[in-house]
């Protein structure tokens, strides 16, 4: 009898632990939205999202976050253009070209890349890429291109990890079949294996987008942070994430609420990206 | 496309990826190691020495407390999802969706939430407690995921044999399944440690950035990564930033090495 009671009790403990994750996500949604949405409604959602002036200390203050929304989108697109081709081809290398002996070293290296703290990446770029950029394009060297290059590197491990595992999960018979038809190894990988791993590779890109758009501490050091719509690739840029980190320390009242509302917009972006990701994953597991 | 071109591009990309990693590591080490001197390693922080020791200790405090809370919750969640829940259970679907979403939320949103909930709503102020609780939620999905994977890797025949010998479910989990799955679970916990050690955005407005050692659960402090952010943002202590970077990278190297070692061990144990 006693054993049965313990069994039941522990099962309850396990269930409650599991429900804590659900409780956390509910609390996050409630507190974020309650903190940001009232401000958006009061200020006007359209004025907030599409206003191109962010000047919290003016009277009257203006809180348009269009420059930051565009900043986040531009920087993320740039990171994708730089990071995705290199990442996918590196995954191809790891899955199809690399001898197992070398792979034993490269796999942990990719994990290490994922584990290097953002701040270390940011500081590295501040010390090295920013001065190079300064010579190359003039100005301070803290600009959109710098941020794109750094984020391109930072999303590599995300793209490589998931792409490699989806390339590896393609049935080996595809490979042998194509080789038996006389295709070269390279052609087989490009025309047979990669198309078969397509949805995994696309998922890896979406995760990369999520990583790039959510990155904060690396970007804040090197992007210049001007809250204006960037006119060229070498203009300074401010993203949604950096807007929050830069001003939260001293913001109060309406200004503080506007920053929380910026967080809400970022949060909604991430929820959408994650929704697309889950949709693709579900479709894949059904197919 | 010719085969040679494809091969060339693939090799070039791999070379770019791995040289950039090696380059970043060497660059930080080359510039940081010479400045890892007795000044920066002195016991107390002053504006002159910019010592990293108080931040190092704070990092261990935050790390220890976070794991102490997050590990049992995460592992128990894994137990529930793998060992108890029946297939197609609605609750499981909801829990999975919750953990997947938690895993996708960027650090800065955790930071904002922690500030709104723990710091303001619960009145913790910038404190170790607020920082730790925010980190707990942040690393939960990592621990849950690795526990799940480790448990699923355990062969069902082990469970059946244990039931067959008359052991109850709980006993089977703790005495038979858990020992085999342990390396995998530990490797997840260690990965979570890496995330906490490197975290800045989630801690800045929860733990705060006070340069002294926290005097209690409700006092502010800064971890190593935050220390490095404050230094590099001020821009006047470049050498000290490099030195802090070296310590952070050494941390990450150790953590990753351990995690790789343990997951190889899991792969051997479940064969």
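The values are calculated or read from the model by the stated rules, or taken from the named source; none is laboratory data. What you see is a predicted model, and the numbers here were worked out from it, not measured in a lab. All Cβ positions, glycine included, derive from the backbone under ideal geometry; neighbour counts span all protein chains shown.
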For residue A:90, only one of the following conditions fails: (1) touching a strand residue (DSSP E or B) at 6+ places or on another chain (Cβ under 9 Å); (2) in the same structural domain as residue A:213 (by TED's automatic domain parsing). What is its number? (1)
Consider residue B:41 carefully, then state whether it is under 14 Å from residue B:244 (Cβ atoms), at pLDDT below 90 and surrounded by fewer than 16 Cβ atoms within 10 Å (Cβ to Cβ). yes
Verdict on residue B:257 being closer than 24 Å to residue A:249 by Cα, within 10 Å of chain A (Cβ to nearest Cβ) and surrounded by fewer than 18 Cβ atoms within 10 Å (Cβ to Cβ): no
Residue that is surrounded by the fewest Cβ atoms within 10 Å (Cβ to Cβ), among those in the range A:98-116 that are at the interface with another protein chain (Cβ under 9 Å from one of its Cβ atoms) and free of Cβ contacts under 8 Å to residues at least 12 places away in the same chain: A:109
So which residues in the range A:231-246 are closer than 17 Å to residue A:63 by Cα and touching a helix residue (DSSP H, G or I) at 6+ places or on another chain (Cβ under 6 Å)? A:237, A:238, A:239, A:240, A:241, A:242, A:243, A:244, A:245
Residues of the range A:253-272 that turn out to be surrounded by fewer than 17 Cβ atoms within 10 Å (Cβ to Cβ) and farther than 18 Å from residue A:39 by Cβ, as a count: 2
When you scan the range B:51-70, do you find a residue that is in a helix (DSSP H, G or I), within 20 Å of residue B:133 (Cβ to Cβ) and at the interface with chain A (Cβ under 9 Å from one of its Cβ atoms), even just one? no
Within the range A:177-191, work out how many residues are out of contact with any helix residue (DSSP H, G or I) (no Cβ under 9 Å at 6 or more places or on another chain) and either not assigned by TED's automatic domain parsing to the domain that holds residue A:91 or not in a loop (DSSP other than H, G, I, E, B) (or both). 1
Residue check: is residue A:162 under 26 Å from the mean Cα position of the chain (by Cα) and modelled with pLDDT under 95? yes
Take the residues of the range A:30-53 that are in contact (Cβ under 8 Å) with a residue 12 or more places away in the chain and within 14 Å of chain B (Cβ to nearest Cβ): which is nearest to residue B:113 (Cα to Cα)? A:32
State whether the residues of the range A:118-130 include one that is surrounded by 23 or more Cβ atoms within 10 Å (Cβ to Cβ), assigned to a helix (DSSP H, G or I) and more than 12 Å from chain B (Cβ to nearest Cβ). no
Would a scan of the range B:88-95 turn up a residue that is within 14 Å of chain A (Cβ to nearest Cβ), assigned to a helix (DSSP H, G or I) and out of contact with any helix residue (DSSP H, G or I) (no Cβ under 9 Å at 6 or more places or on another chain)? yes
Could you please find all residues in the range A:205-243 being part of a helix (DSSP H, G or I) and away from chain B (no Cβ under 14 Å)? A:205
With the first residue restricted to the range A:56-76 and required to be closer than 16 Å to residue A:151 by Cβ, and the second required to be assigned to a strand (DSSP E or B), Cβ contacts under 6 Å at 6 or more apart or on different chains are A:71/A:237
Quick check on the range B:244-261. Is at least one of its residues touching a helix residue (DSSP H, G or I) at 6+ places or on another chain (Cβ under 9 Å) and more than 30 Å from residue A:127 (Cβ to Cβ)? yes
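So which residues in the range A:60-77 are farther than 15 Å from residue A:269 by Cα and in contact with a strand residue (DSSP E or B) (Cβ under 8 Å, 6 or more places away or on another chain), if there are any at all?
Those that are farther than 15 Å from residue A:269 by Cα and in contact with a strand residue (DSSP E or B) (Cβ under 8 Å, 6 or more places away or on another chain): A:61, A:62, A:63, A:64, A:67.
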